[in-house]
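Below is one structure; the comments refer to it alone.
The values are calculated or read from the model by the stated rules, or taken from the named source; none is laboratory data. Everything numeric here is computed off the predicted structure, so don't read it as measured data. Here the Cβ positions follow ideal geometry from the backbone for every residue, glycine too, while neighbour counts run over all protein chains shown. Each accessible area value is taken on the protein alone, full model and side chains, heavy atoms only, with ligands, DNA and RNA left out. Shrake-Rupley method; radii C 1.70, N 1.55, O 1.52, S 1.80 Å.
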Amino acid sequence: MALALRNNRPVAFKEYAMEQTKDSIAWLRDYITAIKNGRFHPFTALERKTREATRNEAWGPTGTLLNELADASFDGAGCEIIHAVIEFRLGYPNMKWRNVYKALTVLEFLIKRGSDQCVENAQNLKMRLEDLQVFEYTSPDGRDHGVNVRHRALAI
(Lines give C-alpha, C1' and ligand atoms only; values in the text may rest on other atoms or scores of the structure.)
Protein backbone atom coordinates (compact mmCIF):
# COMPACT_ATOMS: atom_id res chain seq x y z
CA MET A 1 0.00 0.00 0.00
CA ALA A 2 1.39 3.39 -0.99
CA LEU A 3 1.78 5.95 1.74
CA ALA A 4 1.64 9.73 1.80
CA LEU A 5 2.75 12.08 4.56
CA ARG A 6 0.39 14.36 6.47
CA ASN A 7 1.85 16.39 9.34
CA ASN A 8 4.98 14.23 8.98
CA ARG A 9 2.95 11.06 9.71
CA PRO A 10 2.32 8.35 7.14
CA VAL A 11 -1.27 7.87 6.00
CA ALA A 12 -2.83 5.58 3.42
CA PHE A 13 -2.70 7.08 -0.04
CA LYS A 14 -6.40 6.44 -0.64
CA GLU A 15 -7.33 8.37 2.53
CA TYR A 16 -4.97 11.18 1.55
CA ALA A 17 -6.40 11.35 -1.99
CA MET A 18 -9.99 11.48 -0.69
CA GLU A 19 -9.09 14.30 1.70
CA GLN A 20 -7.39 16.29 -1.05
CA THR A 21 -10.38 15.74 -3.35
CA LYS A 22 -12.78 17.05 -0.68
CA ASP A 23 -10.57 20.11 -0.16
CA SER A 24 -10.48 20.75 -3.91
CA ILE A 25 -14.26 20.45 -4.21
CA ALA A 26 -14.74 22.86 -1.28
CA TRP A 27 -12.33 25.34 -2.88
CA LEU A 28 -14.15 25.09 -6.24
CA ARG A 29 -17.54 25.59 -4.56
CA ASP A 30 -16.24 28.68 -2.76
CA TYR A 31 -14.64 29.99 -5.96
CA ILE A 32 -17.93 29.66 -7.87
CA THR A 33 -19.76 31.37 -4.99
CA ALA A 34 -17.24 34.22 -5.05
CA ILE A 35 -17.76 34.74 -8.77
CA LYS A 36 -21.55 34.61 -8.39
CA ASN A 37 -21.27 37.34 -5.75
CA GLY A 38 -19.30 39.60 -8.08
CA ARG A 39 -15.82 38.85 -6.77
CA PHE A 40 -13.12 38.22 -9.34
CA HIS A 41 -10.81 36.30 -7.05
CA PRO A 42 -11.46 33.29 -4.82
CA PHE A 43 -11.89 33.56 -1.09
CA THR A 44 -8.72 33.57 1.01
CA ALA A 45 -7.88 30.49 3.07
CA LEU A 46 -9.12 32.20 6.24
CA GLU A 47 -12.38 33.25 4.57
CA ARG A 48 -12.86 29.65 3.40
CA LYS A 49 -12.29 28.33 6.92
CA THR A 50 -14.76 30.80 8.39
CA ARG A 51 -17.30 30.00 5.68
CA GLU A 52 -16.77 26.28 6.34
CA ALA A 53 -17.45 26.80 10.05
CA THR A 54 -20.73 28.60 9.24
CA ARG A 55 -22.02 26.44 6.37
CA ASN A 56 -25.64 25.34 6.11
CA GLU A 57 -24.95 21.72 7.07
CA ALA A 58 -26.53 19.63 9.80
CA TRP A 59 -23.37 19.38 11.91
CA GLY A 60 -21.56 22.16 13.71
CA PRO A 61 -18.00 23.39 13.25
CA THR A 62 -15.29 21.10 14.57
CA GLY A 63 -13.23 22.01 17.61
CA THR A 64 -10.11 21.99 15.47
CA LEU A 65 -11.61 24.49 13.05
CA LEU A 66 -12.80 26.75 15.88
CA ASN A 67 -9.33 26.67 17.46
CA GLU A 68 -7.72 27.55 14.11
CA LEU A 69 -10.05 30.54 13.80
CA ALA A 70 -9.29 31.60 17.38
CA ASP A 71 -5.55 31.43 16.67
CA ALA A 72 -5.99 33.42 13.45
CA SER A 73 -7.91 36.10 15.35
CA PHE A 74 -4.70 37.22 17.08
CA ASP A 75 -3.59 38.65 13.74
CA GLY A 76 -5.40 41.97 13.28
CA ALA A 77 -6.15 41.44 9.60
CA GLY A 78 -7.24 37.86 10.29
CA CYS A 79 -9.65 38.98 12.95
CA GLU A 80 -11.21 41.51 10.56
CA ILE A 81 -11.65 38.83 7.88
CA ILE A 82 -13.31 36.44 10.32
CA HIS A 83 -15.53 39.21 11.67
CA ALA A 84 -16.60 40.25 8.16
CA VAL A 85 -17.73 36.71 7.31
CA ILE A 86 -19.57 36.36 10.64
CA GLU A 87 -21.28 39.72 10.20
CA PHE A 88 -22.32 38.73 6.67
CA ARG A 89 -23.73 35.39 7.89
CA LEU A 90 -25.66 37.07 10.72
CA GLY A 91 -27.50 39.09 8.07
CA TYR A 92 -28.80 36.02 6.26
CA PRO A 93 -32.57 35.58 5.83
CA ASN A 94 -34.46 33.57 8.44
CA MET A 95 -34.79 30.51 6.22
CA LYS A 96 -31.01 30.14 6.43
CA TRP A 97 -31.21 29.87 10.20
CA ARG A 98 -28.43 27.29 10.37
CA ASN A 99 -25.86 29.74 8.93
CA VAL A 100 -26.94 32.35 11.47
CA TYR A 101 -26.80 29.85 14.34
CA LYS A 102 -23.32 28.67 13.36
CA ALA A 103 -22.09 32.25 13.00
CA LEU A 104 -23.28 32.85 16.56
CA THR A 105 -21.50 29.68 17.68
CA VAL A 106 -18.23 30.84 16.12
CA LEU A 107 -18.68 34.34 17.55
CA GLU A 108 -19.24 32.97 21.05
CA PHE A 109 -16.13 30.77 20.76
CA LEU A 110 -14.04 33.70 19.56
CA ILE A 111 -15.25 35.88 22.44
CA LYS A 112 -14.10 33.20 24.88
CA ARG A 113 -10.89 32.04 23.20
CA GLY A 114 -10.00 34.62 20.56
CA SER A 115 -8.20 37.92 20.74
CA ASP A 116 -9.41 41.04 22.56
CA GLN A 117 -10.26 42.50 19.17
CA CYS A 118 -12.92 39.76 18.79
CA VAL A 119 -14.62 41.07 21.93
CA GLU A 120 -14.54 44.62 20.57
CA ASN A 121 -15.96 43.44 17.24
CA ALA A 122 -18.71 41.56 19.07
CA GLN A 123 -19.63 44.72 20.96
CA ASN A 124 -20.09 46.44 17.59
CA LEU A 125 -22.67 43.75 16.75
CA LYS A 126 -24.75 44.51 19.83
CA MET A 127 -27.75 45.84 17.87
CA ARG A 128 -27.71 42.86 15.50
CA LEU A 129 -27.52 40.44 18.45
CA GLU A 130 -30.50 42.17 20.07
CA ASP A 131 -32.45 41.72 16.82
CA LEU A 132 -31.55 38.02 16.80
CA GLN A 133 -33.05 37.57 20.27
CA VAL A 134 -36.46 37.72 18.58
CA PHE A 135 -35.43 35.63 15.55
CA GLU A 136 -38.24 33.50 14.16
CA TYR A 137 -38.24 30.66 11.69
CA THR A 138 -40.62 27.74 11.60
CA SER A 139 -39.89 25.02 9.07
CA PRO A 140 -42.64 23.73 6.77
CA ASP A 141 -43.07 20.72 9.08
CA GLY A 142 -43.92 23.11 11.96
CA ARG A 143 -40.64 22.90 13.88
CA ASP A 144 -39.42 26.15 15.47
CA HIS A 145 -35.74 26.52 14.51
CA GLY A 146 -35.65 30.14 15.62
CA VAL A 147 -35.48 29.08 19.26
CA ASN A 148 -31.87 27.89 18.77
CA VAL A 149 -30.81 31.24 17.35
CA ARG A 150 -32.68 33.17 20.06
CA HIS A 151 -31.01 31.23 22.87
CA ARG A 152 -27.53 31.54 21.34
CA ALA A 153 -27.95 35.30 20.75
CA LEU A 154 -29.19 35.74 24.32
CA ALA A 155 -26.20 33.80 25.66
CA ILE A 156 -23.77 36.06 23.83
For the stretch 134-147 the number of residues that are in contact (Cβ under 8 Å) with a residue 12 or more places away in the chain, open to solvent by 60 Å² or more (accessible area, probe 1.4 Å) and under 20 Å from ASN56 (Cα atoms) is 1
Scanning the stretch 44-73 for residues that are aliphatic (A, V, I, L, M) and more than 14 Å from ASP30 (Cβ to Cβ), the one surrounded by the most Cβ atoms within 10 Å (Cβ to Cβ) turns out to be LEU69
Matching residues in the stretch 74-133 (surrounded by fewer than 22 Cβ atoms within 10 Å (Cβ to Cβ) and in contact with a Pro (Cβ under 9 Å, 6 or more places away or on another chain)) number 2
